[in-house]
1. With only Lys, Arg, Asp and Glu charged, each at its Cβ (+1 for the first two, -1 for the last two), find how big the charge dipole of the chain is about the Cα centre; round to the nearest 20 debye.
2. Determine the share of the chain's accessible area contributed by carbon and sulfur atoms, expressed in whole percent, with a 1.4 angstrom probe.
3. Give the lysines whose C-alpha is closer than 26 Å to that of Lys208, dropping any in the same chain fewer than 8 places away, or say none.
4. Select from the stretch 39-106 those trypsin sites (Lys or Arg not before Pro) which occupy a DSSP coil region and have at most 14 other Cβ atoms within 10 Å, ordered by residue number.
5. Would you please give the FRET efficiency between Ala58 and Arg285, computed as 1/(1 + (r/R0)^6) with r the Cβ-Cβ distance and R0 = 35 Å, to the nearest 0.05?
6. May I ask you to compute the full-extension gain from Glu302 to Thr23, defined as 0.36 nm times their residue separation minus their alpha-carbon distance, rounded to one decimal in nm?
7. Using the alpha-carbon atoms, what tilt in degrees (0 to 90, nearest 10) does helix 106-118 show relative to the longest principal axis of the chain?
8. If you roll a 1.4 Å probe over the heavy atoms of the protein chains, what accessible area per residue do you get for the stretch 1-107, in Å²?
Amino acid sequence: MNTADATENLTYHVFVNEWPQQTNGFLPNGEPKRFSPQASTLICGSDNAVLTDPGMTADQARALGDWVAEKGRNVTDIFVTHAHGDHWFAAGLLAERFGARVVATAGTIAQMHQSVATRPFLWDKVYTGIPPSPVTAITVPDNRFRLEGHDLVIVEVGDSDSTDTSVLHVSDLGLVVAGDVIYNGCHMYLAQRVVVGGFGPWREAIDKVEALKPRHIVCGHQNKHLDDDAERTIAETRQYLDRADELLRTQPSAVDFFNAMIERYPNHLGRTVLWAGARALYGAREDPGKDFGKIVVAAWLEP
Ligand SMILES: [Zn+2]
(Lines give C-alpha, C1' and ligand atoms only; values in the text may rest on other atoms or scores of the structure.)
Protein backbone atom coordinates (compact mmCIF):
# COMPACT_ATOMS: atom_id res chain seq x y z
CA MET A 1 0.00 0.00 0.00
CA ASN A 2 1.13 3.52 -0.68
CA THR A 3 -0.81 5.77 1.62
CA ALA A 4 0.36 9.33 1.48
CA ASP A 5 -0.93 12.40 3.21
CA ALA A 6 0.87 15.69 3.00
CA THR A 7 1.17 18.75 5.21
CA GLU A 8 3.56 21.21 3.58
CA ASN A 9 6.84 19.32 3.50
CA LEU A 10 5.68 16.40 5.64
CA THR A 11 4.27 13.16 4.19
CA TYR A 12 4.01 9.53 5.17
CA HIS A 13 4.07 6.31 3.23
CA VAL A 14 3.30 2.76 4.29
CA PHE A 15 4.97 -0.45 3.17
CA VAL A 16 3.36 -3.78 3.95
CA ASN A 17 5.62 -6.83 3.98
CA GLU A 18 3.97 -10.19 3.32
CA TRP A 19 5.24 -13.43 4.83
CA PRO A 20 6.06 -16.77 3.25
CA GLN A 21 4.17 -19.88 4.29
CA GLN A 22 5.35 -21.57 7.51
CA THR A 23 6.44 -25.18 7.69
CA ASN A 24 5.25 -26.10 11.21
CA GLY A 25 1.89 -27.63 10.46
CA PHE A 26 -1.51 -26.26 9.53
CA LEU A 27 -4.41 -24.39 11.04
CA PRO A 28 -7.44 -26.33 12.35
CA ASN A 29 -9.27 -25.63 9.07
CA GLY A 30 -6.39 -27.10 7.05
CA GLU A 31 -4.92 -23.81 5.82
CA PRO A 32 -1.16 -23.38 5.84
CA LYS A 33 0.23 -21.14 8.57
CA ARG A 34 1.43 -17.69 7.60
CA PHE A 35 2.27 -14.70 9.78
CA SER A 36 0.19 -11.50 9.50
CA PRO A 37 1.15 -8.80 7.02
CA GLN A 38 3.47 -6.29 8.61
CA ALA A 39 3.35 -2.52 8.10
CA SER A 40 6.25 -0.09 8.30
CA THR A 41 5.76 3.66 7.99
CA LEU A 42 8.16 6.16 6.44
CA ILE A 43 7.51 9.69 7.66
CA CYS A 44 9.21 12.00 5.18
CA GLY A 45 10.34 15.59 5.30
CA SER A 46 11.96 17.24 2.31
CA ASP A 47 15.37 15.68 2.96
CA ASN A 48 15.09 13.45 6.03
CA ALA A 49 12.80 10.64 7.10
CA VAL A 50 11.89 8.48 10.08
CA LEU A 51 11.07 4.79 9.64
CA THR A 52 8.93 2.77 12.07
CA ASP A 53 8.75 -0.94 12.98
CA PRO A 54 11.28 -2.31 10.52
CA GLY A 55 10.22 -5.96 10.61
CA MET A 56 11.97 -9.19 11.42
CA THR A 57 13.80 -11.13 8.71
CA ALA A 58 16.71 -10.24 6.43
CA ASP A 59 14.43 -10.72 3.38
CA GLN A 60 11.92 -8.27 4.82
CA ALA A 61 14.69 -5.80 5.63
CA ARG A 62 15.92 -5.97 2.03
CA ALA A 63 12.44 -5.41 0.55
CA LEU A 64 11.64 -2.62 3.00
CA GLY A 65 15.08 -1.05 2.60
CA ASP A 66 14.80 -0.99 -1.21
CA TRP A 67 11.40 0.69 -0.91
CA VAL A 68 12.80 3.23 1.56
CA ALA A 69 15.81 3.93 -0.67
CA GLU A 70 13.49 4.78 -3.58
CA LYS A 71 12.05 7.62 -1.52
CA GLY A 72 15.43 9.34 -1.64
CA ARG A 73 15.50 10.59 1.95
CA ASN A 74 18.18 10.48 4.62
CA VAL A 75 16.74 8.16 7.30
CA THR A 76 17.71 9.65 10.64
CA ASP A 77 15.75 7.42 13.04
CA ILE A 78 14.09 4.03 13.18
CA PHE A 79 11.36 3.99 15.80
CA VAL A 80 10.13 0.72 17.32
CA THR A 81 6.65 0.69 18.90
CA HIS A 82 7.06 -2.41 21.07
CA ALA A 83 9.38 -5.32 21.68
CA HIS A 84 7.78 -8.23 19.82
CA GLY A 85 10.43 -9.54 17.44
CA ASP A 86 8.28 -9.23 14.32
CA HIS A 87 8.51 -5.45 14.70
CA TRP A 88 12.24 -4.96 15.15
CA PHE A 89 14.60 -7.93 14.85
CA ALA A 90 15.67 -6.51 11.46
CA ALA A 91 16.28 -3.02 12.88
CA GLY A 92 20.05 -3.51 12.95
CA LEU A 93 20.25 -4.24 9.23
CA LEU A 94 18.26 -1.15 8.32
CA ALA A 95 20.07 1.05 10.84
CA GLU A 96 23.34 0.00 9.23
CA ARG A 97 22.10 0.44 5.67
CA PHE A 98 20.83 3.97 6.29
CA GLY A 99 23.16 5.10 9.08
CA ALA A 100 20.14 5.68 11.35
CA ARG A 101 19.74 5.36 15.09
CA VAL A 102 17.12 3.06 16.62
CA VAL A 103 14.70 4.73 19.05
CA ALA A 104 12.23 3.27 21.57
CA THR A 105 10.94 3.93 25.07
CA ALA A 106 12.88 2.71 28.09
CA GLY A 107 10.10 0.20 28.78
CA THR A 108 10.22 -1.19 25.25
CA ILE A 109 14.02 -1.39 25.37
CA ALA A 110 13.84 -3.46 28.56
CA GLN A 111 11.31 -5.77 26.87
CA MET A 112 13.56 -6.05 23.79
CA HIS A 113 16.13 -7.82 25.93
CA GLN A 114 13.42 -10.33 26.90
CA SER A 115 12.54 -10.85 23.24
CA VAL A 116 16.18 -11.53 22.42
CA ALA A 117 16.33 -14.07 25.26
CA THR A 118 13.23 -15.85 23.90
CA ARG A 119 14.44 -15.80 20.29
CA PRO A 120 16.17 -19.21 20.21
CA PHE A 121 13.19 -20.98 21.80
CA LEU A 122 10.45 -19.30 19.84
CA TRP A 123 11.15 -17.04 16.85
CA ASP A 124 14.12 -18.95 15.44
CA LYS A 125 12.21 -22.21 15.72
CA VAL A 126 9.41 -20.96 13.49
CA TYR A 127 11.06 -18.44 11.15
CA THR A 128 14.32 -18.58 9.23
CA GLY A 129 16.52 -15.69 8.19
CA ILE A 130 16.28 -13.53 11.29
CA PRO A 131 19.48 -11.47 11.42
CA PRO A 132 21.53 -10.84 14.58
CA SER A 133 19.40 -8.62 16.83
CA PRO A 134 21.50 -6.85 19.43
CA VAL A 135 19.52 -4.26 21.38
CA THR A 136 20.92 -0.94 20.13
CA ALA A 137 17.81 1.18 20.67
CA ILE A 138 18.16 4.37 22.66
CA THR A 139 15.62 6.61 24.36
CA VAL A 140 15.08 10.24 23.41
CA PRO A 141 14.55 13.04 25.96
CA ASP A 142 10.88 13.35 27.00
CA ASN A 143 10.02 10.70 24.39
CA ARG A 144 10.16 13.35 21.66
CA PHE A 145 12.18 13.87 18.57
CA ARG A 146 11.88 16.11 15.53
CA LEU A 147 11.79 15.79 11.78
CA GLU A 148 12.54 19.05 10.00
CA GLY A 149 10.76 21.13 12.60
CA HIS A 150 7.84 18.75 13.13
CA ASP A 151 7.33 17.06 16.50
CA LEU A 152 7.23 13.28 16.67
CA VAL A 153 5.96 12.28 20.09
CA ILE A 154 6.23 8.79 21.52
CA VAL A 155 3.20 8.05 23.68
CA GLU A 156 3.48 5.22 26.18
CA VAL A 157 0.23 3.28 26.36
CA GLY A 158 1.15 0.37 28.62
CA ASP A 159 -0.11 -3.15 27.90
CA SER A 160 -1.80 -3.97 24.62
CA ASP A 161 -0.72 -7.11 22.75
CA SER A 162 2.46 -7.08 24.85
CA THR A 163 4.07 -5.23 27.75
CA ASP A 164 5.24 -1.59 27.69
CA THR A 165 3.93 -0.70 24.26
CA SER A 166 3.93 2.73 22.66
CA VAL A 167 2.66 4.63 19.63
CA LEU A 168 4.11 7.50 17.61
CA HIS A 169 2.01 10.66 17.32
CA VAL A 170 2.67 13.01 14.43
CA SER A 171 0.13 15.74 15.11
CA ASP A 172 1.08 17.75 12.01
CA LEU A 173 -0.17 14.81 9.94
CA GLY A 174 -3.09 13.82 12.19
CA LEU A 175 -1.28 10.51 12.31
CA VAL A 176 -0.70 7.83 14.91
CA VAL A 177 1.60 4.93 14.10
CA ALA A 178 -0.03 2.47 16.45
CA GLY A 179 2.07 -0.69 16.38
CA ASP A 180 -0.14 -3.49 17.72
CA VAL A 181 -2.43 -1.30 19.83
CA ILE A 182 -4.84 -0.90 16.89
CA TYR A 183 -5.33 -3.50 14.15
CA ASN A 184 -6.74 -3.08 10.66
CA GLY A 185 -8.33 -6.07 8.96
CA CYS A 186 -6.10 -8.57 10.78
CA HIS A 187 -6.70 -10.90 13.67
CA MET A 188 -5.32 -9.61 16.96
CA TYR A 189 -2.82 -11.43 19.15
CA LEU A 190 -4.73 -12.03 22.35
CA ALA A 191 -2.37 -14.00 24.62
CA GLN A 192 -1.45 -10.96 26.74
CA ARG A 193 -4.94 -11.23 28.28
CA VAL A 194 -3.58 -14.02 30.47
CA VAL A 195 -0.60 -11.96 31.64
CA VAL A 196 -2.67 -8.94 32.71
CA GLY A 197 -5.95 -10.65 33.61
CA GLY A 198 -8.23 -9.35 30.86
CA PHE A 199 -8.48 -6.84 28.05
CA GLY A 200 -8.89 -3.87 30.41
CA PRO A 201 -5.37 -2.49 29.93
CA TRP A 202 -5.64 -2.89 26.15
CA ARG A 203 -8.93 -0.98 26.14
CA GLU A 204 -7.22 1.79 28.12
CA ALA A 205 -4.41 1.85 25.57
CA ILE A 206 -6.99 2.30 22.79
CA ASP A 207 -8.53 5.18 24.76
CA LYS A 208 -5.10 6.82 24.93
CA VAL A 209 -4.75 6.59 21.15
CA GLU A 210 -8.24 8.00 20.64
CA ALA A 211 -7.43 10.92 22.96
CA LEU A 212 -4.73 12.00 20.50
CA LYS A 213 -7.56 12.64 18.01
CA PRO A 214 -5.81 11.15 14.99
CA ARG A 215 -7.37 11.16 11.53
CA HIS A 216 -5.10 8.38 10.31
CA ILE A 217 -3.79 5.30 12.05
CA VAL A 218 -1.14 3.01 10.65
CA CYS A 219 -1.58 -0.36 12.31
CA GLY A 220 1.34 -2.73 12.71
CA HIS A 221 -0.71 -5.47 11.08
CA GLN A 222 -3.05 -4.50 8.33
CA ASN A 223 -4.74 -5.55 5.16
CA LYS A 224 -3.02 -3.32 2.60
CA HIS A 225 -6.26 -2.88 0.65
CA LEU A 226 -7.98 -1.04 3.51
CA ASP A 227 -7.74 2.68 4.28
CA ASP A 228 -6.21 4.01 7.50
CA ASP A 229 -9.23 5.82 8.90
CA ALA A 230 -8.70 6.34 12.63
CA GLU A 231 -12.33 6.25 13.70
CA ARG A 232 -13.04 2.99 11.90
CA THR A 233 -9.89 1.18 13.02
CA ILE A 234 -10.38 2.23 16.65
CA ALA A 235 -14.03 1.12 16.63
CA GLU A 236 -13.19 -2.20 14.97
CA THR A 237 -10.36 -2.90 17.39
CA ARG A 238 -12.66 -2.31 20.38
CA GLN A 239 -15.35 -4.47 18.82
CA TYR A 240 -12.87 -7.28 18.21
CA LEU A 241 -11.93 -7.35 21.90
CA ASP A 242 -15.61 -7.36 22.87
CA ARG A 243 -16.35 -10.28 20.56
CA ALA A 244 -13.29 -12.16 21.75
CA ASP A 245 -14.40 -11.69 25.37
CA GLU A 246 -17.87 -12.96 24.52
CA LEU A 247 -16.62 -16.00 22.60
CA LEU A 248 -14.08 -16.84 25.31
CA ARG A 249 -17.09 -17.17 27.62
CA THR A 250 -19.15 -19.30 25.28
CA GLN A 251 -16.67 -21.44 23.34
CA PRO A 252 -15.40 -24.55 25.13
CA SER A 253 -12.10 -25.06 23.30
CA ALA A 254 -9.40 -23.26 21.31
CA VAL A 255 -10.66 -24.83 18.07
CA ASP A 256 -14.23 -23.72 18.79
CA PHE A 257 -13.01 -20.21 19.54
CA PHE A 258 -10.88 -20.14 16.38
CA ASN A 259 -13.79 -21.31 14.24
CA ALA A 260 -16.21 -18.84 15.83
CA MET A 261 -13.81 -15.93 15.29
CA ILE A 262 -13.19 -16.75 11.61
CA GLU A 263 -16.93 -17.07 11.14
CA ARG A 264 -17.36 -13.53 12.57
CA TYR A 265 -14.34 -12.18 10.69
CA PRO A 266 -14.22 -14.14 7.44
CA ASN A 267 -12.11 -11.52 5.64
CA HIS A 268 -9.57 -10.87 8.38
CA LEU A 269 -5.98 -11.84 7.62
CA GLY A 270 -3.59 -13.39 10.14
CA ARG A 271 -5.41 -16.55 11.19
CA THR A 272 -2.10 -18.00 12.38
CA VAL A 273 -1.90 -15.26 14.99
CA LEU A 274 -5.52 -15.91 15.98
CA TRP A 275 -4.76 -19.62 16.38
CA ALA A 276 -1.58 -19.09 18.44
CA GLY A 277 -3.42 -16.66 20.73
CA ALA A 278 -6.39 -19.00 21.10
CA ARG A 279 -4.14 -21.90 22.00
CA ALA A 280 -2.34 -19.79 24.59
CA LEU A 281 -5.60 -18.55 26.15
CA TYR A 282 -7.18 -21.99 26.35
CA GLY A 283 -3.87 -23.59 27.33
CA ALA A 284 -3.68 -21.30 30.37
CA ARG A 285 -7.31 -22.03 31.20
CA GLU A 286 -6.85 -25.79 30.98
CA ASP A 287 -3.55 -25.88 32.88
CA PRO A 288 -3.50 -22.84 35.19
CA GLY A 289 -0.48 -24.08 37.17
CA LYS A 290 1.78 -24.31 34.12
CA ASP A 291 4.38 -21.66 33.27
CA PHE A 292 2.65 -19.37 30.78
CA GLY A 293 5.85 -18.78 28.81
CA LYS A 294 5.96 -22.50 28.02
CA ILE A 295 2.30 -22.45 27.01
CA VAL A 296 2.96 -19.58 24.58
CA VAL A 297 5.96 -21.31 23.03
CA ALA A 298 3.92 -24.49 22.52
CA ALA A 299 1.05 -22.45 21.07
CA TRP A 300 3.35 -21.10 18.33
CA LEU A 301 5.50 -24.18 17.73
CA GLU A 302 3.25 -27.19 17.78
CA PRO A 303 1.80 -28.26 14.45
ZN1 LIG B 1 3.06 -7.61 15.79
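1. Dipole size: approximately 600 debye.
2. Carbon-and-sulfur percentage of accessible area, whole number: 50.
3. Counting by Cα, and skipping residues close in sequence, Lys208 has these lysines nearby: Lys224.
4. Lys71
5. Approximately 0.40, to the nearest 0.05.
6. 99.4 nm
7. So the helix axis and the longest Cα principal axis differ by about 50 degrees.
8. About 35 Å² of surface per residue is accessible.
The values are calculated or read from the model by the stated rules, or taken from the named source; none is laboratory data. Note that the structure is predicted; figures quoted are calculated from it, not measured. Because the Cβ atoms are built from the backbone with ideal geometry, glycine has one as well, and the counts that use them run over all protein chains shown. All accessible areas refer to the heavy atoms of the entire protein, side chains included, with ligands and DNA or RNA removed. Shrake-Rupley method; radii C 1.70, N 1.55, O 1.52, S 1.80 Å.
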